[in-house]
1. For L151, which sequence-distant residues (separation of 5 or more, or a different chain) have an amide H within less than 5 Å of its own amide H, given hydrogens modelled in the peptide plane?
2. Quick one: length gained pulling V43 to R207 fully straight, 0.36 nm per residue minus the C-alpha distance?
3. Is there a quick way to get the dipole size of region 129-182? I mean about its Cα centre, with the Cβ of Lys and Arg at +1 and of Asp and Glu at -1; what is the value in debye to the nearest 20?
4. Can you list the HN-Hα couplings for region 22-27, worked out from phi with the Karplus curve (6.51, -1.76, 1.60; θ = phi - 60°), rounded to whole Hz and with x for Gly and Pro?
5. Using only DSSP helix segments of four residues or longer, with each worth -39500 (n - 2.57), what per-residue ellipticity at 222 nm results for the chain after dividing by its residue count and rounding to 500?
6. Near L25, within a Cβ-to-Cβ distance under 14 Å, what is the net charge of the other residues, with Lys and Arg +1 and Asp and Glu -1?
7. Please list 3J(HN,Hα) in residue order for region 134-142, calculated via the Karplus relation 6.51 cos²θ - 1.76 cosθ + 1.60 where θ = phi - 60°; whole Hz, with x for glycine and proline.
8. As an exercise, use a Förster radius of 22 Å and the Cβ-Cβ distance of R14 and D186 to find the FRET efficiency, rounded to the nearest 0.05.
Amino acid sequence: MGLLDSLAPDLLLRKKRDSEMEEDLRKHWLRPGERLLLWHAPVPGYTGGRLGDELRLPHVPLRPVPEHRFGKSEWAKPHELTTSPAFNEVDWVDDQAFSYWFEARQGEQDAVRFADHFTDGWGAAKVVLSDQRIAVVYHSAQLREPAPSFLTTAFELPAGHLANVAMPFVGRSVPPPRVIRLGFADGSALFIRDDLTRLRVERAHAR
């Protein structure tokens, strides 16, 4: 069996889960007349970022966020090189402990407000983008204080807060992986590791 043959079932499973997520969002989250543009799979891992001149490795939320029903995750800790003075923000994607990254000047910028929700390690939250709003969405059953609805919107902003959606190559691996980059109008940016990055970004641009 070749490498592509061995990867095919895993890719098919990811696409199947992607379709299931889209169905859930259409049924339980979209408003009448609203168009779904982008969402991503929940990705376990820590969040890192640069806040002004400060590297936050890992990032600790600056404001209250919903608590996962199982508390903090025991996700693998960042590699020791990550916390050394030689660490550079380009390198975050090469440390598998990190699945999210942000760049911001101040803690009140939009990317940080979103990044706060990806700090428990479980990857329970996901960013969902429509033509009307960009939001942090959880499955309610995963929260310590679940809402009666199937999905919980913990934070949202009008879609105009988002300036662009891109899929840059990041890191020093060869070849480097693509990640989802959400660039906000205030100059901050949120990066998300996702195995279907190209599919998600190209689909968002086409809708």
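1. Sorted by chain and number, the residues that satisfy this are S140.
2. Full extension from V43 to R207 adds 56.6 nm.
3. With only Lys, Arg, Asp and Glu charged at Cβ, the dipole is about 300 debye.
4. For region 22-27, the Karplus-derived couplings read 4, 4, 4, 5, 5, 7 Hz, x marking Gly and Pro.
5. -6500 deg cm²/dmol
6. Net of charged neighbours comes to +2.
7. Each residue of region 134-142 in turn: 10, 9, 9, 10, 10, 6, 4, 5, 8 Hz.
8. Values: r = 32 Å, r/R0 = 1.46.
The computed FRET efficiency comes out at 0.10.
We did not get these values from a lab; they are worked out from the coordinates using the rules stated. Being a predicted model, the structure only gives us computed values, none of them experimental. Every residue, glycine among them, receives a Cβ derived from its backbone with ideal geometry; neighbour counts consider all protein chains shown.
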